[in-house]
Amino acid sequence: MVKEMGANRVYRAPSTLLSCTFFIILFTLLSQVTPHDQLSKTFIFRIDSESKPSVYPTHYHWYTSEFVHPTRILHLYDTVFHGFSALLTHQQLSSLAQHPSVLAVFEDRRRHLHTTRSPQFVGLRNQRGLWSETDYGSDVIIGVFDTGIWPERRSFSDSNLGPIPERWKGGCEAGVRFSPNNCNRKLIGARFFSKGHEASGTSLNDTVEFLSPRDADGHGTHTASTAAGRYVFDANMAGYASGVAKGVAPKARLAMYKVCWKNSGCFDSDILAAFDAAINDGVDVISMSIGGGDGISSPYYLDPIAIGSYGAVSRGVFVSSSGGNDGPSGMSVTNLAPWLITVGAGTIDRDFPAEVILGNGRRLSGVSLYSGVPLKGRMFPLIYPGKSGVLTDSLCMENSLDPDLVKGKIVVCDRGSNPRVAKGLEVKKAGGVGMILTNGISNGEGVVGDAHLLPTCALGANLGDEIKEYISSSENPRATIDFKGTVVGIKPAPVVASFSARGPNALSLEILKPDLTAPGVNILAAWTDAVGPSGLESDTRRSEFNILSGTSMACPHVSGAAALLKSAHPDWSPAAIRSAMMTTATVLDNTNGHMVDQATGNGSTPYDFGAGHLNLAHAIDPGLLYDLTNDDYVMFLCAIGYEARMIQVITRSPHNCPRRRPLPENLNYPSFVAVLPASSSRGLSLLSKTFFRTVTNVGEPYSVYWVRVEMQAEGVTVTVRPSRLVFSEAVKKRSFVVTVTGVAGNMVLGEAGAVFGSLSWTDGKHVVRSPIVVTQAQPL
């Protein structure tokens with residue numbers, strides 16, 4: 001799929017190309033390494049398990065007899081995926097790929113992390129609602145795929161927790177500075193997966209990393225406690241965000257699957273092994289703040305995260321994933337499979353303001369989490385290294401700053417390329433006394449706080465331009481920074497975070513992604529004791545908690561929410577839980593206005609927030625659900641042109657698609673994306689798209705729901721038949737048809753290449769809301 005930015009249209013390859021795509025990608029993979037290249041690489045093999053000869057007692061015996069020497073195998077997969085990963089040369093790969101039982105081969109790929117008040121902000125309240133009705137999720141097990149955990153933190157105490165659920169089959173693996181005694185009735189399991197990482201040639205640095213479930217990075221400890229941390233009093237990060245910290249599901253049990261390694265990312269072969277282990281162990285929810293982050297979305301049958309998560313969802317395990325931090329660019333969202341829930345990030349009503357005060361008296365508002373000695377109003381000379389025109393200077397890259405120019409001054413650094421806290425370290429090393437971090441146009445006005453090593457304030461793009469203009473026009477530019485601490489009650493909130501990845505869906509336009517947003521900006525949660533809050537090795541500070549931003553922080557909010565809903569409704573499927581969250585999400589902020597986009601200050605759209613911002617006040621009782629089965633997902637794969645062999649790679653079982661090809665828009669999803677054909681006619685031709693949906697009543701048995709459609713776009717109409725749904729004890733499911741009609745000559749699709757609306761069913765008590773997106777596309 002190629003996006004033509006000027007016309008805001010998405011062009012889709014003809015479906016006939018898909019029949020040979022599988023083999024083209026395989027041959028491309030084989031051709032990427034020259035015949036002379038004898039370097040070993042890790043490859044993941046998807047095997048047709050049904051073709052195992054009966055002479056072999058196990059798949060392992062088969063693999064090691066016909067495929068590869070035992071010493072070359074890294075992982076065996078037999079739960080969400082049948083096959084193995086192995087370290088092979090190009091010649092070995094070429095030979096094995098011809099085996100008739102090989103369904104797919106893909107090279108191991110490195111993934112990246114998408115890196116207290118928030119539970120109340122999403123509608124949770126003590127002693128009532130979802131918390132009280134589920135005992136805070138005490139019977140649900142959340143598996144976290146991340147960098148490990150620091151088990152001694154108070155957030156993982158098992159005080160007053162009941163016994164571990166009897167269905168739990170997992171273990172607590174021993175390793176460096178980690179023993180089975182580190183697990184308890186809260187942290188009931190911990191495993192680590194390093195074979196793929198080690199086979200990549202990236203050695204583990206035992207001075208900064210632990211070959212065990214122990215967390216050397218901090219990210220995993222943070223996400224785990226966000227999802228299910230216990231109540232912790234007197235929580236704060238260097239005085240910021242003081243109060244009581246707790247996760248979304250404070251009594252849910254945790255199992256950590258360490259698949260990501262400090263400064264090294266996370267490898268697909270290890271992630272697949274974690275999926276296998278987590279399902280066999282007995283988790284109910286998987287939280288995965290991991291994604292591609294390279295701008296490439298692989299087809300579902302070549303994406304181990306999509307394959308592994310399908311295996312989990314098909315067994316009733318809810319999988320929550322982060323959408324990525326490559327916003328506000330369009331079509332940047334990752335983790336696109338329709339069986340996953342994909343989470344974007346929004347703000348909460350708490351902030352950490354700071355002000356830059358210029359020598360001319362101007363006060364520029366930004367944010368900061370600096371906690372050291374303040375500047376106390378003292379003015380310092382102000383310098384922008386980027387005036388030299390050298391990009392590395394403007395970005396304050398490593399060794400780019402001249403101490404003779406920087407010493408004793410506040411330095412303006414542009415955001416991008418290297419970590420924000422690393423820029424501050426470079427300024428400090430060069431003798432600077434402070435830093436002002438300015439956004440470029442790509443980041444817009446969205447700023448987040450960081451625990452910098454020197455006085456720092458982050459500013460949006462417009463104020464960044466103003467401060468640079470001040471420097472260039474003033475003979476003696478000077479400034480200071482004033483830190484305001486913690487402020488709650490910020491309005492408006494939520495706001496879509498500027499970094500939150502955006503739609504449309506690069507693989508399947510008909511499936512809206514992200515699905516929803518959740519708190520992901522300046523989130524306080526537990527932290528490792530292996531590194532300071534900045535994450536820099538030179539940071540000697542230690543903190544029980546840290547404040548981070550990213551869709552990595554939003555994802556575990558939804559994971560915890562899923563745990564609570566699973567506890568309240570054990571019979572609900574993963575799709576039903578997702579539906580409850582999506583159809584009760586809010587599109588309004590705390591001023592009762594429509595959510596805005598932090599990057600621009602303008603209104604946001606479903607390409608930014610999906611169905612809306614997580615709101616658990618109503619999710620426990622959503623009224624109606626859009627449910628899905630494994631067969632529904634198979635029909636979706638048929639609809640997008642996948643052949644039986646490709647589908648088997650994902651589902652493990654062979655499936656024959658119906659002769660009459662289904663339509664992808666008829667997947668029973670809680671959102672509607674009408675992809676109308678792009679018309680070359682200059683006349684006023686009518687274009688239409690029809691959707692079939694079925695809802696299940698989980699509210700009062702005898703209920704009547706009426707439809708309400710909001711669509712104010714010129715040239716677009718939406719009709720729903722029937723307009724009333726009547727339920728009874730005997731009739732719990734009802735179907736309806738939605739028809740979206742556009743007048744080709746009259747539709748104005750706007751900057752996003754789409755127009756937006758909503759469809760709601762209401763019985764006077766419940767409002768079951770779904771977003772509507774109308775766009776156009778044409779084949780090549």
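Bear in mind these aren't lab numbers, they're just calculated from the coordinates by the rules spelled out. The shown structure was predicted, so the numbers you read here are calculated from the model rather than taken from an experiment. Cβ sites come from the backbone with ideal geometry, for glycine too, and all protein chains shown count toward neighbours.
Summary of values
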item	result
Cα-based Rg and Dmax for segment 353-483, where Dmax is the largest Cα-Cα distance (Å)	12.7, 33
Peptide ranges 445-453, 279-287 listed from the most packed, as the mean C-beta count within 10 angstrom indicates	445-453, 279-287
Amide H partners (placed H, <5 Å) of Ile286, local residues excluded	Gly143, Phe318, Val319, Ser320
Gain in span if fully extended, Asn630 to Lys407, counting 0.36 nm per residue against the direct Cα distance	74.0 nm
Estimated Rh, segment 150-304: Kirkwood, alpha-carbon pairs, angstrom	16.7
Long-range HN-HN contacts of Ala674 with modeled amide H, under 5 Å	Val773, Val774, Thr775
Share of Cα-Cα pairs in the chain lying beyond 46 Å, as whole percent	22
Contour excess over end-to-end distance, with Cα ends at Thr591 and Glu475 and 0.36 nm allotted per residue	37.4 nm
Chain lengthening between Arg315 and Val748 when straightened (0.36 nm per residue, less Cα-Cα)	151.5 nm
Trypsin sites (Lys or Arg not before Pro) restricted to DSSP loop in segment 333-427 with at most 12 other C-beta within 10 Å	Lys376, Arg378
Segment 225-369: relative contact order in percent, alpha carbon pairs under 8 Å with at least 6 residues between	15
Rounded to 5, percent antiparallel among DSSP beta bridges of the chain	65
Separation of the Ser95 and Thr739 label points, Cα + 7 Å toward Cβ, nm	6.2
Loop-located trypsin sites (Lys or Arg not before Pro) in segment 243-331 whose Cβ has at most 16 other Cβ within 10 Å (DSSP)	Arg315
Spatial separation of Cα centroids for segment 711-779 and segment 367-437, in angstrom	51
MRE, 222 nm, helices only [DSSP H, n ≥ 4, -39500 (n - 2.57), over the chain, to nearest 500]	-5500 deg cm²/dmol
Inter-part distance where segment 217-272 and segment 616-695 are each reduced to a Cα centre, Å	35
For segment 293-372, radius of gyration divided by Kirkwood radius, i.e. Rg to Rh on alpha-carbons	1.23
Relative contact order (%) - criterion: Cα under 8 Å, at least six apart; region: segment 124-270	36
Interatomic Cα distance distribution for segment 670-777, bins of 10 angstrom, percent	14, 43, 25, 13, 4, 0
Approximate spin-label separation Arg708-Val208, in nm, with each point projected 7 Å along Cα-to-Cβ	5.4
Cα gyration tensor, segment 41-107 - rounded (a/c under 1.5), prolate or oblate	rounded
DSSP-assigned coil residues among GluC sites (Glu not before Pro) in segment 688-780, each with at most 16 further Cβ atoms within 10 Å	Glu714, Glu729, Glu751
Virtual spin-label span in nm between Asn462 and Trp168, 7 Å along Cα→Cβ	5.1
